[in-house]
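For reference, the structure discussed in these notes is given below.
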């Protein structure tokens, strides 16, 4: 028999302004895993803890069912038998999530149910406020990601239905970009009074202090240009254009080094100036140290992504004082302020346009260093988890005071 939400604690605490805010944090990921969703689930939770919020963790929701779904999809890909189906975005999975949360709430003293995804909220019946904080709507993902062009129509319809249910059911929908918020209000007609916007932070647990970063910026040499690409999906993140940009600069006589992180380049042979590091895990001290070193040594991060909800690697680059060159797609424009902490390019812009901008900045160390310092300032003022954590707490307290 399913748990009855009417049996929950229903009184609203009147001492919320002076006592500790209590939150049930519900996710299909492991909230203690720094690798989950590129570290976002972990760092979001830690940001809330840092604000003094008491966290009741509900991680790995419907773990066994998710494992089965992934296995079925893997077999389908190998045998070309049947349509691929969404691992999580189904009514059945959303109901699994809701049932598990309702069972937890029977014995919980939390004030709010919070999730880094809309799905656990979609079908959840509870008198407690329901909040999610994420980087995209289902409609936004469909519009930006080429991988969904062949997605079966029945799953698209189900995905939209669940997203609408989550937005209708939640008390607050928080997004990492105005792009995501606008798709929620435009496609799903959600009341704008329900929506908040503030960006995610960079997913380094302990970024270097400002003084260290500014010293490093001042020490950067201009005898060669260091370019950095970080992306798990070579094609979708724009790996081919990165190679074209580097080739053009090399042919123009600009000495350079290109570091490729996150995936294996889909090229026959790397040029002598390029190094492929593969996937580097932030779960190990060695991985974190290597990533920070690559960022710190870079002059520019390149992200000609075909589709991106935000671009967390740019927040991380900014934390090390590295400007970002990126395609103006999805929520990327929320991170990059052209001429301040990098430059944005139309998705159709040729690699030569990128090379022109990089070469011009590289040949003007004074202007470059100012942009690098401004990049760190952008990180400190708006692109870090401390700022996001304060915004989360303020929004949750405001919800309880209504």
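The values are calculated or read from the model by the stated rules, or taken from the named source; none is laboratory data. Everything quoted here is computed from the prediction, not taken from an experiment. Note: ideal-geometry Cβ built from the backbone for every residue, glycine included; neighbour counts use all protein chains shown.
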**Prompt:** Just one of the numbered conditions (1) surrounded by fewer than 17 Cβ atoms within 10 Å (Cβ to Cβ); (2) in contact (Cβ under 8 Å) with a residue 40 or more places away in the chain is not true of residue 286; which one?
**Reply:** (2)
**Asked** Among the candidates 112, 121, which residue alone is modelled with pLDDT of 95 or more and under 20 Å from residue 162 (Cα atoms)?
**Response** 121
**Prompt:** Do any residues in the range 38-64 that are in the same structural domain as residue 230 (by TED's automatic domain parsing) and on the phi < 0 side of the Ramachandran plot have Cβ atoms under 7 Å from those of residues that are at pLDDT below 95 and surrounded by fewer than 23 Cβ atoms within 10 Å (Cβ to Cβ), where the two are at least six apart or on different chains, and which pairs are they?
**Reply:** none
**Message:** Going through 397, 361, 383 one at a time, which residue ends up being at pLDDT 95 or above, under 13 Å from residue 314 (Cα atoms) and out of contact with any strand residue (DSSP E or B) (no Cβ under 7 Å at 6 or more places or on another chain)?
**Reply:** 383
**Prompt:** Does the range 281-292 contain at least one residue that is touching a helix residue (DSSP H, G or I) at 6+ places or on another chain (Cβ under 7 Å) and modelled with pLDDT of 95 or more?
**Reply:** no
**Asked** Any residue at all in the range 357-379 that is in a loop (DSSP other than H, G, I, E, B) and within 19 Å of residue 237 (Cβ to Cβ)?
**Response** no
**Asked** Based on what the data block shows, is residue 332 touching a residue at least 24 places away in the same chain (Cβ under 8 Å) and farther than 22 Å from residue 216 by Cβ?
**Response** yes
**Prompt:** Would the range 381-397 turn up any residue that is over 23 Å from the mean Cα position of the chain (by Cα) and either over 30 Å from residue 25 (Cα atoms) or free of Cβ contacts under 8 Å to residues at least 24 places away in the same chain (or both)?
**Reply:** no
**Asked** Is there a residue in the range 158-165 that is in a loop (DSSP other than H, G, I, E, B) and within 25 Å of residue 233 (Cβ to Cβ)?
**Response** no
**Item:** Residues of the range 263-283 satisfying the condition of being in contact (Cβ under 8 Å) with a residue 24 or more places away in the chain and out of contact with any strand residue (DSSP E or B) (no Cβ under 7 Å at 6 or more places or on another chain)
**Value:** 263, 266, 267, 271, 279, 281, 282, 283
**Fill in**
Picked from the range 161-192 (must be surrounded by 16 or more Cβ atoms within 10 Å (Cβ to Cβ) and without any contact (Cβ under 8 Å) to a residue 24 or more places away in the chain), the residue nearest to the chain's Cα centre (by Cα) is 181
**Message:** All but one of (1) on the phi > 0 side of the Ramachandran plot; (2) surrounded by 24 or more Cβ atoms within 10 Å (Cβ to Cβ) hold for residue 339; state the number of the condition that does not hold.
**Reply:** (2)
**Request:** Please determine, by comparing only the residues of the range 166-180 that are assigned to a helix (DSSP H, G or I) and in contact with a strand residue (DSSP E or B) (Cβ under 9 Å, 6 or more places away or on another chain), which one is farthest from residue 336 (Cα to Cα).
**Result:** 169
**Asked** How many of the residues in the range 347-391 are out of contact with any helix residue (DSSP H, G or I) (no Cβ under 6 Å at 6 or more places or on another chain) and under 27 Å from residue 196 (Cα atoms)?
**Response** 10
**Item:** Sole exception among (1) crowded, with 23+ Cβ neighbours inside 10 Å; (2) within 16 Å of residue 228 (Cβ to Cβ) for residue 297, by number
**Value:** (1)
**Message:** Suppose the filter is surrounded by fewer than 16 Cβ atoms within 10 Å (Cβ to Cβ) and within 20 Å of the chain's Cα centre (by Cα); does residue 138 pass it?
**Reply:** no
